[in-house]
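One structure is given here, and the rest of the page talks about it.
Only the coordinates and a few stated rules stand behind these numbers; no lab work does. What you are looking at is a predicted structure, and each value in this text was computed from that prediction instead of being measured. Note that each Cβ is placed from the backbone with ideal geometry, even for glycine, and that neighbours are counted across all protein chains shown.
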Amino acid sequence: MSGDLTRRRLLGAASSGLLMAKTAQPAGSEQPAISGGSPVRTVSFPGWPVIAENEERAWMKVLRGGKWNRLDGDSAREFEDTWARALGAKHCLATANGTSALIISLGALGIGPGDEVIVPPYTFVATVNAVLMHYAIPVFVDTDPDTLQIDARKIEAAITPRTRCILPVHLGGSPADMDAILEIGRKHKLPVIEDACQAHLAEWRHRKVSTLGALGCFSFQASKNLNSGEGGAILTNDSDLYRVCQSFHNNGRGDTGSGFGYVRNGANLRITEFQAVLLTEQFKRVEEQSRRREQNAAYLTAQLSEIPGIHPARMYPGATRNAYHLYMLRYQREGFANLPRSQFLKALEAEGIPCSSGYTPLNKEPFLKNTFDSRGYRAIYPAKQLDGWLERNQCPVNDQLCEEAVWFTQTMLLGPRSDMDQIAEAVRKIHRHAPALAKS
Ligand SMILES: *Cc1c(COP(=O)(O)O)cnc(C)c1O
């Protein structure tokens, strides 16, 4: 089919050949690559994005048609129908990006100055920036160390009379504990916005995430599992909320067109026809890619779980599908003769396995203090509320997690199963040599 698939098959063949070469080596003679030995893997993982003729054809059609704006063309509407149907939602509104999807959603719920929004500290900064764009206060609830998601057991304690919304993130594509979160939302009459920016096709009890709360937000930024360079979407089953989102993202117009009738404040946060047509084409591969990631991740987890000190992120029992935007685990150095995480990551990179240490604690980011010190925030909030904010937003479990986390990216799960064998073998190899590596 596509050149990319052929390339992937070749990569697969190359990597399994390498594995055989490895096992042929006499036991005991190996050295970690970081100490001058030969690496477990010498070829790269599958590339991203996948591009084929269908993208080219569709893109050129929009280009030549000259209708590049969604108010003139049909491509945005077509993608919205496709994505809404795939997720089982009544409405989908495509947006400029995931950040704007969050900003629009909060705006549609009337979140503004004086309001508090409950967020996790283990997320991309955009989750929190969207709250700050409305001059509301993010209230951080600590992380569940087993799943790396917001700890739903700690949400109720964070609710105050000023709380207006709960904004959980399905981080890495693994669903947050939606039974608990939705129940708290119902009990306290708080709408839930799902940040599903990393969770394309993920499911909670066989329902797609983003359709469970009042509104759900996606990102189609270049790294995401469905990608148009930049792009986003809001999903909702609430027709009134949908209309407000539509209006807000179209400069506050009262209708869906380009006239001059304004009914609220808003902004231009529309998607382009180019982004939309790419999404419609990329969408055709999403199911198959997601299945492959899931199968590879399950296989990898079975192997990694056997290694002392390696704890792959668990899923809640209600999570029936994980999008695996990230493959996340906790690295506990005690299992590796006290080898620091930074050294483990370097050793793993040297074995040909790209990896990262993930997020740093978002609640401790200095930019938050700067924001709260700004003229706007000082005009809205009493000094006592802003100055005591950091003490009230401590997340010790998350702090610890940020010292332990290790991530692999979603593209590493798109190749053959033998790629997983190599990832696991690289980790085992470092584990075998950890005492020596820790001393060096
Ligand atoms: C990517 C991402 C966003 C923001 O999406 P953009 O399209 O980059 O604006 C928001 N939240 C999370 C969790 C994300 O991963």
Q. How much mean residue ellipticity at 222 nm does the chain get from its helices, if each DSSP H run of length 4 or more adds -39500 (n - 2.57) and you divide by all residues, to the nearest 500 deg cm²/dmol?
A. -13000 deg cm²/dmol
Q: Report, in whole Å, the centroid distance computed from the Cα atoms of the stretch 104-173 and the stretch 270-344.
A: 23
Q: Please give, to one decimal in nm, the separation of the simple spin-label points placed at residue 383 and residue 54, each 7 Å out from Cα toward the Cβ.
A: 6.1
Q: Please name which of 279, 307, 258 has its Cα lying farthest along the dipole of the stretch 255-329 towards the positive end, using unit charges on Cβ (Lys, Arg +1; Asp, Glu -1) and the Cα centre as origin.
A: 307
Q: Rank-order 75-81, 265-271 by packing density, defined as the average count of other C-beta atoms within 10 Å over each peptide's residues, highest first.
A: 75-81, 265-271
Q. Going by how many other beta carbons lie within 10 Å of each one, how would you line up 140, 283, fewest first?
A. 283, 140
Q: Would you mind checking the stretch 329-356 for residues with the amide N under 20 Å from a putative spin-label position 7 Å along Cα→C-beta of residue 302?
A: 329
Q: Kindly put 91, 170, 206 in sequence by how many other C-beta atoms sit within 10 Å of each C-beta, fewest to most.
A: 206, 91, 170
(Q) Can you list residues from other chains, or at least 5 along the same chain, whose modelled amide H is less than 5 Å from the amide H of residue 204? (A) 209, 320
Q. Shape of the chain from its Cα gyration tensor (a ≥ b ≥ c, root eigenvalues): rounded if a/c is under 1.5, otherwise prolate when a/b > b/c, or oblate?
A. oblate
Q.
Please arrange 404, 287 by how many other C-beta atoms lie within 10 Å of their C-beta, fewest to most.
A. 287, 404
**Q.** Virtual paramagnetic centre 7 Å along Cα→Cβ of residue 239, amide N under 20 Å, in the stretch 201-224
**A.** 211-216
**Q.** Ratio of Rg to Rh over the stretch 42-135 (Cα coordinates, Kirkwood Rh, two decimals)
**A.** 1.08
